[in-house]
Protein chains: 2
Amino acid sequence: MKIGELVKRSGLSAHTIRYYERIGLLPPADRDRSGQRDYDVSILTWIEFLNRLKTTGMPIRDMLLYAALRARGTETEAERKALLEEHRERVRAHVAELQDCLLVLDTKIAGYAGVEERIKIHDARQTKRR
Amino acid sequence: MKIGELVKRSGLSAHTIRYYERIGLLPPADRDRSGQRDYDVSILTWIEFLNRLKTTGMPIRDMLLYAALRARGTETEAERKALLEEHRERVRAHVAELQDCLLVLDTKIAGYAGVEERIKIHDARQTKRR
DNA sequence: CTACGGGTTAGAGTGCACTCTAAGTCAAGG
DNA sequence: CCTTGACTTAGAGTGCACTCTAACCCGTAG
C-alpha cells in the first residue's frame with residue numbers, strides 16, 4: 001500500500017503520516033525500488049490504536065514512549081500495561097469530570113427554559129388583560 | 001478584590017486573567033483610584049462557568065460568542081440556550097467516544113494480563129519439569 | 001517525448017491558549 | 001526616604017500537533 005492509499009484508509013493526511021514516521025510514532029516504512037513508502041495493512045491497526053490514545057487525550061510524547069516500548073519487544077509488556085492502566089485512570093477521571101460538567105450544563109439550560117416559560121406565562125397574562 | 005486575591009480564589013494566573021479580559025472573556029474590571037483592577041466576588045461564578053466550558057472542550061472563540069450574547073442582555077437568552085444545547089450534544093458525543101475508547105483500553109490491558117498469566121503457567125510447568 | 005499524478009525531502013508556517021518579559025507605576029511599612 | 005511587593009502595559013515567546021511549501025524525482029498513458 002502506497003501512502004496515498006493509506007491516507008484514504010487511515011484518515012490521516014500524507015503530511016501527518018510522514019510527520020508521525022519522522023518523530024517515531026510510526027515505524028520506518030518499507031520502500032519500493034523507487035524509494036516510495038510501501039505499507040503493510042497491519043499498520044492500520046496501529047494507527048487506529050494511536051487514534052484511540054489521541055482521542056483520549058494522550059500527548060504524543062506518551063504515545064512515543066509506548067511506541068518505543070513496543071519496538072523493544074515482549075520484555076516491555078508489563079511496562080506497557082502499566083502505562084495503559086495509568087492512562088485509563090486519567091481517562092476515567094476525565095469522563096467523570098465531563099459528566100459533572102454535563103450536569104451543570106443541564107441546570108443552566110433548564111434555567112433558560114425556565115425563563116422562556118416565565119415569558120410565556122407573562123404573555124398569557126398580558127393577553128388576558130387585553 | 002484585587003487581582004492577587006482573584007488569582008488565589010479562581011485558580012487562574014494573573015496573566016491569564018488579564019489575557020481573558022483583553023480578549024473579552026471577562027468584562028472590563030472596575031479600577032480603584034490607582035488604576036488597579038478591583039473585582040466583585042460575582043466574577044468567580046462566571047470564571048467557574050468558563051472553566052466548565054473549557055473543561056468540556058469549548059474553544060475560546062465560542063466562549064467569546066457566549067460572553068458577547070450575555071453582555072447584550074436578556075434578549076439573547078434563547079440564542080445562549082441554543083448554543084449551550086449544541087455544546088452539550090458535542091460533549092455527550094465526546095463522552096460516548098471516550099467510553100468506547102475505554103473499552104478498547106480494557107481489552108488491550110486484559111490482553112497484557114493474559115500474557116502475564118501465560119508466563120506464570122509456563123514458568124509453573126518449567127518448575128514441575130525440573 | 002511529454003504531461004501528469006503521484007511520490008520525496010528539509011524546513012517553515014499555523015492556530016490555539018496561554019505564559020512570560022521588560023519597563024514602568026503606586027501605596028504602605030520600616 | 002527607601003524598599004518591597006503588588007500591580008500596570010504592549011508585545012514577544014512557548015508548546016503542542018500538525019500543516020504546508022518549495023523544489024525536486026519517478027513511472028506510466030497518450
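The values are calculated or read from the model by the stated rules, or taken from the named source; none is laboratory data. The model shown is predicted, which means the values in this text are computed figures rather than measured ones. Using ideal geometry, Cβ is built from the backbone for each residue, glycine included, and neighbour counts are taken over all protein chains shown. Remember, those area values only see protein heavy atoms, side chains included, never the ligands or the DNA or RNA. Shrake-Rupley method; radii C 1.70, N 1.55, O 1.52, S 1.80 Å.
Data for the structure
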item	result
Flag if A:R33 is basic (K, R) and either more than 12 Å from DNA strand D (Cβ to nearest atom) or in contact (Cβ under 8 Å) with a residue 24 or more places away in the chain (or both)	no
Among (1) within 26 Å of A:E97 (Cβ to Cβ); (2) more than 14 Å from every other protein chain (Cβ to nearest Cβ); (3) more than 8 Å from DNA strand D (Cβ to nearest atom) - the single one B:P28 does not satisfy	(1)
Residue check, B:L84 more than 16 Å from DNA strand C (Cβ to nearest atom) and within 14 Å of chain A (Cβ to nearest Cβ)	yes
Pair list, Cβ under 7 Å, 6 or more apart: the range B:72-91 residue under 23 Å from B:T55 (Cα atoms), other residue among the charged types (D, E, K, R) and in a helix (DSSP H, G or I)	B:R80/B:R70; B:L84/A:K108
Single residue of the range B:15-47 satisfying the filter (more than 19 Å from B:G4 (Cβ to Cβ) and part of a helix (DSSP H, G or I)) that is most open to solvent (accessible area, probe 1.4 Å)	B:T45
Residue in the range A:53-66 that is within 14 Å of chain B (Cβ to nearest Cβ), open to solvent by 60 Å² or more (accessible area, probe 1.4 Å) and within 16 Å of DNA strand C (Cβ to nearest atom) present	yes
Condition met for A:V104 (more than 30 Å from B:G111 (Cα to Cα) and at pLDDT 95 or above)	yes
